[in-house]
1. At 7 Å along Cα-to-Cβ for each site, give me the label-to-label distance between Asn282 and Met240 in nm.
2. Exposure proxy check: Asp294, Asp330 ranked by fewest other beta carbons within 10 Å?
3. Enter the angle in degrees (range 0 to 90, nearest 10) between the Cα long axis of helix 7-33 and the first principal axis of the Cα atoms of the chain, meaning the one along which they spread out most.
4. Suppose each label sits 7 Å from its Cα in the direction of the beta carbon; what would the Leu140-Thr314 distance come out to in nanometres?
5. Hey, quick one: spin label on Ala173, modelled 7 Å out along Cα-Cβ, who in region 253-281 has an amide N within reach, i.e. under 18 Å?
6. At what distance in angstrom do the alpha carbon centres of region 213-251 and region 136-156 lie from each other?
7. Hey, of [x] 41.5, 171; [y] 21.1, 79; [z] 22.4, 85, which did the structure itself give for Rg and Dmax of the Cα atoms in Å when calculated?
8. Just grab the label-to-label distance for Thr89 and Val228, each label 7 Å out from Cα along the Cβ direction, in nm (one decimal).
Amino acid sequence: MNRSIPLPKLCGLLLLAVLAGCSHGAADDDDAAAPPGQVAVTTVMPSQQPFHDTVEAWGSALGDPQRARAISLAHGGQVAAVNVAAGQTVKRGQPLLLVTPDPVARSSYQQAQSGLTLASGELQRTEQLAAQRLATQSQLAAAHKALADAQAALDAQRALGGGAAEEAVNAPADGVVTALSVGLGERFVANAPLLAFTPAHALVAQLGVQPEDAAKLHVGMPVRLHSVYGATDVAGSLSMLGQSIDPQTHLLPAQVELPAAAGATLLAGAALDAKIRTDDFNAWAVPRAAVLHDEHGDYLFQVEHGHAKRIGVTVRSPDGETVGVQGALDAQAKVIVLGAYELNDGDAVREAAQ
């Protein structure tokens with residue numbers, strides 16, 4: 001007896017058959033793309049190019065000690081106003097402090113004024129007496145000298161600040177106030193430092209290097225500095241290498257001369273890390289992903305007659321996506337990049353389509 005199959009059930013059977021056929025076809029394609037026993041890899045050709053060794057250092061930017069200066073006054077006084085803060089950038093002629101003269105200086109100035117007035121009056125009287133022949137020429141000359149001395153005394157007291165009720169301390173040039181030594185209302189003596197000032201574009205990098213790296217360094221080596229607080233990169237040159245270890249940092253001090261333009265991008269006090277360029281050398285340039293490491297050291301794989309060949313290497317320039325390595329590489333054999341982690345020495349490989 002013929003039994004009919006309901007239409008919905010028949011459609012479901014046909015759909016299963018189609019899916020099974022597609023699945024089998026996809027599996028066949030995968031098998032054809034990756035034959036058993038072979039690892040799909042991507043490769044690049046190695047090439048020789050120049051690299052350079054570097055020594056790392058750390059430190060900060062600061063005002064050049066040879067150009068920084070302390071601002072002071074030749075007389076004592078009292079701080080009446082503070083117009084800037086430490087670290088502030090200022091323009092030439094900008095008022096930094098306002099000071100009032102020391103009471104002693106003010107009193108001395110007033111005394112000098114009185115002395116000048118008296119000497120001027122005495123000279124007039126002596127000239128009148130001399131015109132009447134009641135005073136000698138010696139007395140007249142003495143009166144002239146007394147006036148000149150009184151004027152010199154007044155000029156000296158004016159230079160000492162006694163002549164002004166208030167005096168502004170102005171910026172001598174464009175630059176940065178690196179430190180304040182006095183506060184509002186504070187009294188100071190003559191020639192006491194009031195603030196530290198660094199002219200614009202007068203920065204150096206004060207660094208520390210590991211003592212064992214000292215033998216690799218010498219003055220004049222190029223240095224690349226990077227600001228920790230931003231993406232600022234500055235080129236400089238090593239200008240000083242210390243001969244004694246800093247007891248606080250346990251590093252060897254080094255100083256880098258910066259170009260004048262560095263002041264436009266670096267701030268005094270900014271933390272820096274640096275790479276000091278030392279020896280130049282040639283090495284194989286390969287992608288970073290191609291270099292592996294195990295208990296035997298660094299290595300990579302090259303393709304030799306369809307198989308992976310392990311090559312021991314020494315990484316000389318580890319920075320960047322392209323690294324420099326030295327080893328017995330075959331210039332005509334491709335270096336395996338992707339898929340290298342899955343390989344052992346001698347495994348069969350097949351280059352995947354790129």
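Bear in mind that the values in this text are calculations on the coordinates, not laboratory data. These numbers come from a predicted model, not from an experiment. Note that we place each Cβ from the backbone using ideal geometry, even for glycine, and neighbour counts take in every protein chain shown.
1. 4.0 nm
2. Details: Asp294 8, Asp330 13.
Neighbour counts put them in this order, fewest first: Asp294, Asp330.
3. 70 degrees
4. Label at Leu140, label at Thr314, 9.8 nm between them.
5. 257-268
6. 63 Å
7. Answer by label: [x].
8. 2.2 nm
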